[in-house]
Amino acid sequence: MMKFSNIYIFGDSLSLCSHLKIDRRWVEILKLKIKNKNEKIKVILRGINGITTTEALKKINFKIKSKSIVLIFFGTNDSVYYKSMRGKPRTDIELFKKNYISIIKKIKKSGKNCKILLINGHKFYRRRLEGNDQTHNKSYLKYKKKINYIAKITNSEIINTYTQFLNYKPKMYCMKLPDGLHQNIFGSKKYSEIIFKKISKSI
């Protein structure tokens, strides 16, 4: 089995967790777990709060080194239906697929022998109706399904956080309302555990 020397994480606020203290953020917890196993591994986080895949293609540097594990975590912002958008999502589902595939292609072109894993999020505690008169949870299911499909057609892997978090009620792992979306301390810790378990054999 190939061993990797770098880990890159691309995403939005669900990766950055800037609402939590630094040592409570799942990427930082993951770094410690990785360091304890292999201190030579470098973990690089590149993300922007509130970003969609369309914006990510314009604003995030997707260049990586060869023999890297790459974690990609987008979709939550793409699937939002603002009232002001008159029933349309921030990113149309087909454009979302096109964008995600473009991101993966950029990564593969940049770094050879990389392992790409797509994180498919979690069910939200937020229940309010959005611009399409549906909850964000219902809207996001379509995008989660598309992420699973993208993984298949790009020979990527899924880190199925969504299914694993179904073992808990959303209020256990999400920030309190009115947020109800981002991970709380428990949710952040669980993300680090799930992801470390998935990649630990490769480092």
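The values are calculated or read from the model by the stated rules, or taken from the named source; none is laboratory data. Given the structure is predicted, the values throughout are model-derived calculations rather than measurements. Quick reminder, even Gly has a Cβ in these numbers, built from the backbone with ideal geometry, and neighbours come from all protein chains shown. Calculation scope for accessible area: heavy atoms of the full protein, side chains included, ligands and nucleic acids excluded. Shrake-Rupley method; radii C 1.70, N 1.55, O 1.52, S 1.80 Å.
Annotation: of all residues in segment 44-62 being outside any strand (DSSP E or B) and of a type in the set (D, E, K, R), the one that is surrounded by the fewest Cβ atoms within 10 Å (Cβ to Cβ) is 58. Under the condition of being touching a helix residue (DSSP H, G or I) at 6+ places or on another chain (Cβ under 9 Å) and farther than 11 Å from residue 156 by Cα, which residue from segment 104-120 is surrounded by the fewest Cβ atoms within 10 Å (Cβ to Cβ)? My answer is 106.
Look at (1) assigned to a loop (DSSP other than H, G, I, E, B); (2) open to solvent by 20 Å² or more (accessible area, probe 1.4 Å); (3) closer than 27 Å to residue 132 by Cβ and you find that residue 65 fails only one, number (3).
Take segment 137-181 and flag every residue that is of a type in the set (A, V, I, L, M) and in a helix (DSSP H, G or I).
Those that are of a type in the set (A, V, I, L, M) and in a helix (DSSP H, G or I): 141, 147, 150, 151, 153, 172.
Would you be able to tell me the number of residues in segment 86-103 that are open to solvent by less than 30 Å² (accessible area, probe 1.4 Å) and more than 12 Å from residue 143 (Cβ to Cβ)?
So in segment 86-103, the residues open to solvent by less than 30 Å² (accessible area, probe 1.4 Å) come out as 89, 91, 96, 99-100, 103.
Okay, now just the ones that are also more than 12 Å from residue 143 (Cβ to Cβ), so 103.
Count: 1.
Residue check: residue 23 meets all listed conditions (1) surrounded by 15 or more Cβ atoms within 10 Å (Cβ to Cβ); (2) not in a loop (DSSP other than H, G, I, E, B) but one, namely (1).
Search segment 132-179 for residues being of a type in the set (A, V, I, L, M), in contact (Cβ under 8 Å) with a residue 60 or more places away in the chain and open to solvent by less than 40 Å² (accessible area, probe 1.4 Å), and hand back the single one that is farthest from residue 26 (Cα to Cα).
So in segment 132-179, the residues of a type in the set (A, V, I, L, M) come out as 141, 147, 150-151, 153, 158-159, 166, 172, 175, 177.
Now drop any that are not in contact (Cβ under 8 Å) with a residue 60 or more places away in the chain, which leaves 147, 159, 175.
Those left that are additionally open to solvent by less than 40 Å² (accessible area, probe 1.4 Å): 147, 159.
Values: 147: 21, 159: 14 Å.
So, considering only residues that are of a type in the set (A, V, I, L, M), in contact (Cβ under 8 Å) with a residue 60 or more places away in the chain and open to solvent by less than 40 Å² (accessible area, probe 1.4 Å), the one farthest from residue 26 (Cα to Cα) is 147.
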